[in-house]
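Chemist: The structure under discussion is supplied below as structure tokens; questions concerning it will follow.
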Amino acid sequence: MAHLTLKDVTKIYDGDVLAVEQADFQIPDESFTVLVGPSGCGKSTLLRMIAGLEEITEGDIYIDDERINDIPPKDRDIAMVFQNYALYPHMTVYKNMAFGLKLRKYPKAEIDARVKEAAEILSISHLLNRKPKHLSGGERQRVAVGRAIVRHPKVFLFDEPLSNLDAKLRVQMRMEISRLHDRLNATMVYVTHDQVEAMTMGDQIVVLNEGKIQQIADPGTLYHKPANQFVGGFIGTPPMNFIETGIVNNGGAPMLRFETFKVELNDRLQSALGKLSGDSVTLGIRPEDIHIGENGNNSVGTQVELVEPLGNHALLYLRTEKNSFVAQSDLANVPQHNAQLTVRFDMEKAHLFHPETGESLTVV
């Protein structure tokens, strides 16, 4: 396999539409790297530049130590799996998988061996004589993946391959692609807008927004140490809560205040405030770190707007006079709609963000 290096890669459309801005990072050999972000963030454009399907406006892309900017897509030793499968409807599964090798004039015996090996890996050997119209969506996606496997490429590229599948099938295919990565020890780059896919599949995740890289990290770091407010709000279901607060003095120690509530700060959060020159800060706290029915320090009185039971827990949509946020509750303590409820913020796990730039003050 191979590693990829992107150096200040930029893509500008029509002279002034900036799609990707100075993407600079490495994709290690045998890694599963996920490019994730909302629609229009530049992730698919970045993938297509790696594949050679989009020209690079500025910067360089390397596979191992070879600069590939000017190398045609067919010569980059890359295999791509598309969102819409892109199978030939008039060909059988066998011929679809063999087609690329046939174009490259591989011997028939080697083509046959590679196709059957890939079909066995993907459990589609019994489908080799069928045409795509006789396959389910999941089976078509396996064929598209098999067509990439037979190439034995240096790098696999996946462009939102599961977005056309139903929820149950997507979970199954996530597992199969992850197992495939482990079995092949392949370098894979995977594009998705679904942060659950990113968190469950990637060992390195690149979070993008508006063409810019926001953070590159493993799933645990993204969740527990988001670099900015965008990452904190994008990663996690439901997303992190954000509350605009003022900074007040309490006997020489700073506290946060919003509406009539005061929130105490531990040493870590007090130290983070030293990076600010103003008198306000954005408090970030995840739903599972808001504890239901607990009075005392850092308690907030709320009203229940909505309860969403989710089987093993429930999400509570709460509001105060001027703020709304989401908490998580076990099913034994689910309150009624419109009930008055006291909750406590676990400030040991809270985050502080710059009120203007959105950058984290608590990530070291």
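The values are calculated or read from the model by the stated rules, or taken from the named source; none is laboratory data. The structure presented is a predicted model; accordingly, all values stated were derived computationally and were not measured. Reconstructed Cβ throughout: ideal geometry from the backbone, glycine too, with neighbour counts over all protein chains shown. What goes into the accessible areas is simple: the full protein's heavy atoms, side chains included, and nothing from ligands, DNA or RNA. Shrake-Rupley method; radii C 1.70, N 1.55, O 1.52, S 1.80 Å.
Chemist: How many residues does the range 271-298 contain that are within 24 Å of Asn228 (Cα to Cα), exposed (fewer than 14 other Cβ atoms within 10 Å of the Cβ) and not hydroxyl-bearing (Ser, Thr, Tyr)?
Modeler: 4
Chemist: Same structure, new question: When both residues are 6+ apart or on different chains and their Cβ atoms are under 8 Å apart, which pairs have a first residue that lies in the range 246-266 and is at pLDDT below 95 and of a type in the set (Asp, Glu), and a second that is in a strand (DSSP E or B) and open to solvent by 50 Å² or more (accessible area, probe 1.4 Å)?
Modeler: Hits for this filter: Glu264/Asn250.
Chemist: Additional query: Looking at the structure I just gave you, is Ala327 outside any loop (DSSP other than H, G, I, E, B), open to solvent by less than 10 Å² (accessible area, probe 1.4 Å) and either in contact with a helix residue (DSSP H, G or I) (Cβ under 6 Å, 6 or more places away or on another chain) or farther than 25 Å from Ile235 by Cα (or both)?
Modeler: In short, yes.
Chemist: I'm trying to understand the selection: among the residues of the range 203-222, which are open to solvent by less than 50 Å² (accessible area, probe 1.4 Å) and either over 22 Å from Leu4 (Cβ atoms) or modelled with pLDDT under 95 (or both)?
Modeler: Correct list: Gly220 only.
Chemist: Quick one: in the range 124-141, of everything that is open to solvent by less than 10 Å² (accessible area, probe 1.4 Å) and hydrophobic (A, V, I, L, M, F, W, C), which residue is nearest to Arg174 (Cα to Cα)?
Modeler: Applying the filter and picking the extreme gives Ile124.
Chemist: Do the conditions hold for Glu58, that is, is it at pLDDT 95 or above and on the phi < 0 side of the Ramachandran plot?
Modeler: yes
Chemist: Within the bounds of the range 268-281, is there any residue that is in a strand (DSSP E or B), under 22 Å from Gly232 (Cα atoms) and within 31 Å of the chain's Cα centre (by Cα)?
Modeler: The answer is yes; a qualifying residue exists.
Chemist: Could I ask something else about it? Need the failing condition index for Gly232 against (1) in a loop (DSSP other than H, G, I, E, B); (2) in contact with a His (Cβ under 8 Å, 6 or more places away or on another chain), just the number.
Modeler: All conditions pass for Gly232, except number (1).
Chemist: Also: Only residues that are open to solvent by 50 Å² or more (accessible area, probe 1.4 Å) and over 24 Å from Glu288 (Cβ atoms): list them for the range 228-256, please.
Modeler: Asn249, Asn250, Gly251, Gly252
Chemist: Filter the range 339-361 down to the residues that are among the polar types (S, T, N, Q) and open to solvent by 80 Å² or more (accessible area, probe 1.4 Å), then identify the one that is farthest from Glu321 (Cα to Cα).
Modeler: Top of the filtered list is Thr357.
Chemist: What number of residues in the range 165-202 are surrounded by 15 or more Cβ atoms within 10 Å (Cβ to Cβ), within 22 Å of Ile63 (Cα to Cα) and not β-branched (Val, Ile, Thr)?
Modeler: Residues meeting the conditions: 7.
Chemist: Could I ask something else about it? When you scan the range 299-324, how many residues do you find that are assigned to a strand (DSSP E or B) and either touching a residue at least 60 places away in the same chain (Cβ under 8 Å) or open to solvent by 30 Å² or more (accessible area, probe 1.4 Å) (or both)?
Modeler: Going through the range 299-324 one residue at a time, the tally reaches 11.
Chemist: Where the second residue is charged (D, E, K, R) and the first is over 19 Å from Ala272 (Cβ atoms) and lies in the range 207-226, which pairs have Cβ atoms under 7 Å and are six or more apart or on separate chains?
Modeler: These pairs meet every condition: Leu208/Lys43; Gly211/Glu21; Lys212/Glu21; Asp218/Asp203.
Chemist: Further question on the same structure: Pick from Asp330, Asp289: which is farther than 16 Å from Glu259 by Cβ and either among the hydrophobic types (A, V, I, L, M, F, W, C) or touching a residue at least 40 places away in the same chain (Cβ under 8 Å) (or both)?
Modeler: Of the residues listed, the single one that is farther than 16 Å from Glu259 by Cβ and either among the hydrophobic types (A, V, I, L, M, F, W, C) or touching a residue at least 40 places away in the same chain (Cβ under 8 Å) (or both) is Asp289.
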